[in-house]
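The values are calculated or read from the model by the stated rules, or taken from the named source; none is laboratory data. Remember, predicted model here, so these are calculated numbers, not experimental data. For neighbour counting, all protein chains shown are included, and Cβ atoms are generated from backbone atoms with ideal geometry for every residue, glycine included. These accessible areas exclude ligands, DNA and RNA; they are computed on the full protein's heavy atoms, side chains included. Shrake-Rupley method; radii C 1.70, N 1.55, O 1.52, S 1.80 Å.
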Amino acid sequence: METKVKDIIAKYGVDPAQIIAMLQDLQSAKRYLPEEDLRELAAILGIPLAHIYRIATFFKAFSLEPKGEHIINVCVGTACHVRGASRILDELERQLGVASGGTTSDQKFSLETVNCLGACALGPVVVVDQEYHGDMTPGQVDKLMENYR
Ligand code: FES
């Protein structure tokens, strides 16, 4: 773990202005921002830990809790909602055994919602690891999940 923070510092230098890029690298390497790493970064960069936490909690892309290997985003924006997004979300929650915002105990999946992905014509839309799946129905959820299990 220590090594990773050192790798990031080696890449960006001791430059507090690069903090967001550093956190992005840390997030993608570990799928979350471990507290010990944030403390180490704060100490090396000479910036308050609270400042790093403010950034970490401001951007939705960052997580302070471990995330699953696959991130599933269900659009619950208006267009997707009227086309049945909540039934798709229900089905995913049922199959994964976690509520929206949660991560499965095997750390394989995180289930999240988003308010509009800008692809309303394809609604309801589910995005798994940046891959868009449009015109979803609850009956298609099982087949979709098979690709990631
Ligand atoms: S409301 Fe779902 S993509 Fe716009």
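Here are some notes:
- Qualifying residue in the stretch 118-129 (condition: small (Gly, Ala, Ser) and crowded, with 18+ Cβ neighbours inside 10 Å): yes
- Of all residues in the stretch 66-83, one or more are crowded, with 17+ Cβ neighbours inside 10 Å, within 30 Å of Tyr53 (Cα to Cα) and over 15 Å from the mean Cα position of the chain (by Cα).
- Applying the criterion of at least 2 residues that are more than 16 Å from the ligand (Cβ to nearest atom) and either touching a Cys at 6+ places or on another chain (Cβ under 9 Å) or of a type in the set (Ser, Thr, Tyr) (or both) to the helices (runs of 4 or more DSSP H) found wholly in the stretch 20-111 leaves 49-58.
- Boolean, Leu92 is aliphatic (A, V, I, L, M), open to solvent by less than 40 Å² (accessible area, probe 1.4 Å) and closer than 26 Å to Val126 by Cβ: yes
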